[in-house]
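For reference, the structure is listed below as structure tokens.
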Amino acid sequence: MEKIKEYLLNKIFTVPYLDKMATEDMIPDSFLKCVKRYVNNDKQTIGEALSEIYHYMDKEYRNEYFYKNTILNQLLLGKHDIYHTSVLSELPVAGSKADVVMINGQGVVYEIKTDLDNLSRLENQINDYYQVFSYVYIVTGRKHLTKIKEVFQDTKAGIYELTDTGRLIQRRRASCNREHLSHDIMFRLLRKYEFEEILLKHYQKLPDVNNFIYYRQCLEWIKGINILTFQKDVMDCLKKRTSIVITDLLQGEVPYELRYYAYFSKRYWSDHSLMDVLLSKKMEV
């Protein structure tokens, strides 16, 4: 029973799943099963059903999507200069994937550890992130809070707690950590046109070598750039990857529970009406 619950809730609140629902006429069987399990009134709109399922998650199953959506709502929309802040999700960094990264001049990583997670990889993940970013926060619930405070008490990592009432509270402020920055790891984050743009900015030319050694030669040139200067160049490149208009997020046109989806769905941004039609569609299970 628990596995079925995990499967359904984790499946539905993803960008590909909601994109598919918005573009297809048929309501997926997995969504109908979820409605039967978690929604009291079956004669309502899909939007209302999603809201009720999300409310259940808040009380009983705060998964990674719930945390990411909360971070977007409370930190990006609630605190940051959203017109000048870009957000990336699941960014590969060394051997890890940063759950949420916000970039506004400097980059800040938010690594999520829900009550459903274990902490076995956390220290390695934080170490990976410090090779690219100077500020890292761990976002967790009550279950892991004490342990995380103990493990990271002598580090510069910050901590946010997602409380039982749904508020994100900063339990410790992150301090700047530039001791472990790596040209190599930052270079791996970049796309070809991005590192070429950086090289042209600093050298006004690109390596004139054959394709076999071109990548390696570019990296050698990159290593000649001051590492803090290079870090700023990398942040500028990453920030440009998410240039979207967020007026409807601000004006409340996107339901609270779907703002993470709306921010990261290319299909949503190409045609908002698809999701509007889906949410207003009546359904009977």
Expressed per residue, the solvent accessible area of region 1-135 in Å² (1.4 Å probe) is about 45 Å²
Normalised per residue, the volume of the convex hull around the Cα set of the chain (Å³) | 155 Å³
Under 12 Å from the Cβ of Gly95, count the other residues' Cβ atoms, weight Lys and Arg +1, Asp and Glu -1, and hand me the total.
-> +2
Cut-off 14 Å between beta-carbons: net charge of the residues surrounding Asn226, Lys and Arg +1, Asp and Glu -1 = +3
Please compute the net charge surrounding Lys20, taking Lys and Arg as +1 and Asp and Glu as -1 over other residues with Cβ under 13 Å from its Cβ.
-> -2
Expressed as a whole percentage, what fraction of the accessible surface of the chain belongs to carbon and sulfur atoms when a 1.4 Å probe is rolled over the protein heavy atoms?
-> 48 percent
Where nothing but the Cβ of Lys and Arg (+1) and of Asp and Glu (-1) is charged, how large is the charge dipole of the chain around its Cα centre, in debye to the nearest 20?
-> 480 debye
In the chain, taking the dipole from +1 charges on Lys and Arg beta carbons and -1 charges on Asp and Glu beta carbons about the Cα centre, the listed residue (Thr114, Ile138, Leu274) farthest towards the positive end is Ile138
For region 148-285, dividing by residue count, accessible area per residue (probe 1.4 Å) in Å² works out to 59 Å²
Beyond 26 Å (Cα-Cα) in this structure, taken from Lys68/Lys143; Lys149/Lys232; Lys33/Lys113, we find Lys149/Lys232; Lys33/Lys113
Of Lys59/Lys282; Lys223/Lys266; Lys36/Lys282, those spanning more than 23 Å from alpha-carbon to alpha-carbon = Lys59/Lys282; Lys223/Lys266
Quote the FRET efficiency, to the nearest 0.05, computed for Lys97 versus His180 with a Förster distance R0 of 22 Å and r equal to the Cβ-Cβ distance.
-> 0.75
Once every DSSP H run of n ≥ 4 in the chain is given -39500 (n - 2.57) and the sum is divided by its residues, what mean residue ellipticity at 222 nm do you get, rounded to the nearest 500 deg cm²/dmol?
-> -14000 deg cm²/dmol
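The values are calculated or read from the model by the stated rules, or taken from the named source; none is laboratory data. This one's a predicted model, so the numbers in the text were calculated from it and none came from an experiment. Note that each Cβ is placed from the backbone with ideal geometry, even for glycine, and that neighbours are counted across all protein chains shown. Only protein heavy atoms, including side chains, enter the accessible area calculation; ligands, DNA and RNA are left aside. Shrake-Rupley method; radii C 1.70, N 1.55, O 1.52, S 1.80 Å.
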